[in-house]
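Every number in this text was worked out from the coordinates using simple rules, so none of it is lab data. Since the model is a prediction, treat every value here as computed from it, not as a measurement. Virtual Cβ from ideal backbone geometry, glycine too; neighbours counted across all protein chains shown.
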Amino acid sequence: MGRPTLFHVELKRRGWDSWEEFCIHFTAGGRALAELTGQRRLATASVGRTTFERWAQPTWCGRPRSEAAQILEHIFGHSTDELFSPARTPAELRQATTEAAAVIDDRWPSTSRLIVPATGAAGMWELTGRDSLSGTAAAVQVMTAVHEEDGDEVRVLDSDEGLKQFLRPAARRGFLLGVAEHAENYGLYVLDAASARRTQAVAAARGNPISIPKAYLLDDLTYGILWSLTQLDDGLLADDQALDAESHNLDTYLALPRSAPNRQLLELTSAGSSWWGSAFCAHYIERELQSAGEIPAFWTREQRGAEAAPWVIFSHKIDYLRRMGRFVDGGQTTSRVFCVPETAVARTERYERILLLLAIALMERHGIRVRLVTDPAYADMDGVAFIPGQKAVVANWVRTGEALWAASTTSSRGDLRSYRTAFGDAEEINILISPDPKGRLEELARYLDIDWGWITTRCREVAEHGVAGLVRTRSRLLTSDGLDDALSFLGTFAPRI
């Protein structure tokens with residue numbers, strides 16, 4: 001006997017293998033489809049017992065037609081050709097997931113390993129860090145999925161009992177990875193396990209499989225978000241108690257004329273050190289600018305994606321950008337200078353460069369005009385808030401060596417002259433010369449070798465579903481709001497079809 005059809009397998013899996021039970025769902029599906037399409041005949045379509053028993057035979061090779069075919073495709077999420085063709089064996093399904101794991105390992109070197117057990121149990125997705133990210137790991141369940149040309153979702157073939165076990169509430173982070181075969185390769189779609197659990201509850205009530213938005217296709221945009229947010233989130237969860245205890249010393253540090261505490265004083269992860277350094281510098285700058293009567297200019301040290309990711313993920317960074325909105329006044333606005341030499345671009349992967357683009361897009365979204373210089377002579381320029389003729393507030397937490405941060409304020413004429421020269425040079429050699437945010441961001445994407453039409457389209461797609469479904473934050477110190485805001489802003493520039 002040949003292999004049973006997918007229709008036969010699905011009937012067994014869903015418990016619809018009796019004619020009476022099947023008719024309940026067929027009738028409901030017909031009515032729902034009639035409402036969607038306006039085709040009234042679908043609402044009254046029915047299937048006789050003899051017809052159903054013929055369809056349900058394990059090796060029946062015919063094809064339902066007309067209204068029946070439309071309703072079957074609607075309720076099962078597969079074409080009639082797929083439904084009445086032999087279902088793939090578990091070995092074939094497992095081979096597809098193994099090959100997909102190899103695709104991820106090859107495409108993103110910072111995936112140090114993606115382990116997919118042959119048993120169908122949950123595997124492990126290990127991520128390698130860079131700069132302020134030190135790596136982490138998450139559980140992953142790899143399942144085959146069906147990619148439909150119509151619609152904005154892929155449907156996961158979730159008959160594997162291992163998936164039910166995987167989606168039970170757990171302390172560890174997990175991802176559901178749907179693998180959909182295309183003509184010559186695989187489409188990989190990611191869903192956070194918490195989102196998958198909620199999706200499964202809704203789908204099960206309707207007798208449907210789990211679906212993943214096509215917007216969550218795993219590519220350089222979604223991988224970069226997952227890669228950075230997961231590492232920062234896990235690091236901050238590990239440091240939660242230490243950071244809470246240390247926060248009580250904030251006022252003590254702020255009272256000092258200058259400070260540069262050694263990292264070894266605190267046992268923090270790279271993520272925790274970044275958060276604490278960033279949080280202190282934000283507080284320090286805001287305190288020093290309280291009485292500023294003029295609009296300051298800013299210089300920031302971030303050059304790569306791992307360094308820039310906190311701007312769109314740390315809650316205090318989002319709040320800081322919002323509060324800096326007070327320096328946007330009519331035609332005048334504050335500016336922020338980045339120095340990103342060509343060597344920094346060349347040695348980073350595209351997903352990291354996308355993170356830098358998202359951070360700068362969020363600044364432009366808040367009315368901050370971003371300038372970009374590429375001269376390596378300015379690569380180690382201080383992170384500084386500069387008010388010409390008054391003072392310079394130095395606050396570094398990126399690439400500060402053994403110090404968590406380096407903060408001080410100066411009104412020395414020599415120092416002010418040096419900073420004035422640097423900011424003046426930045427205006428002269430700035431490569432983002434367009435008068436509007438769209439033009440500047442497009443110039444930036446071109447410099448970072450990121451296709452503008454592709455990235456803006458993908459940002460719009462992901463923004464429509466939100467980052468939280470792809471990968472959710474768990475630490476109280478993080479938010480996905482900044483990412484959603486940056487994605488939405490870039491998405492407004494996507495070409496309209």
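Converting phi to 3J(HN,Hα) with the Karplus coefficients 6.51, -1.76 and 1.60 and the offset θ = phi - 60°, region 381-397 yields 4, 4, x, 8, 9, 10, 10, x, x, 10, 6, 10, 9, 8, 8, 10, 9 Hz in sequence order, with x at every glycine or proline. Can you bin region 393-497 into rounded, prolate or oblate? Criterion: square roots of the alpha carbon gyration tensor eigenvalues sorted a ≥ b ≥ c, rounded for a/c under 1.5, prolate for a/b above b/c, oblate for the rest. Here region 393-497 falls in the oblate category.
Helical runs (DSSP H, four residues minimum) scored at -39500 (n - 2.57) apiece and divided by the length of the chain put the mean residue ellipticity at 222 nm at -14000 deg cm²/dmol. Dividing the convex hull volume of the alpha carbon atoms of region 240-491 by its residue count gives 128 Å³ per residue. Listed peptides 12-19, 350-357 appear in the order 350-357, 12-19 once ranked by packing, highest mean of other Cβ atoms within 10 Å at the front. May I ask for the distance between the Cα centers of region 1-58 and region 329-395, given as a whole number of Å? Each part's Cα centre sits 59 Å from the other's. For residue 140, the residues whose modelled amide H falls within less than 5 Å of its own, excluding neighbours fewer than 5 places apart on the same chain, are 123, 124, 125, 175. Mean separation of Cα pairs under 8 Å and 6 or more residues apart, divided by the residue count, gives region 240-491 a relative contact order of 24 percent.
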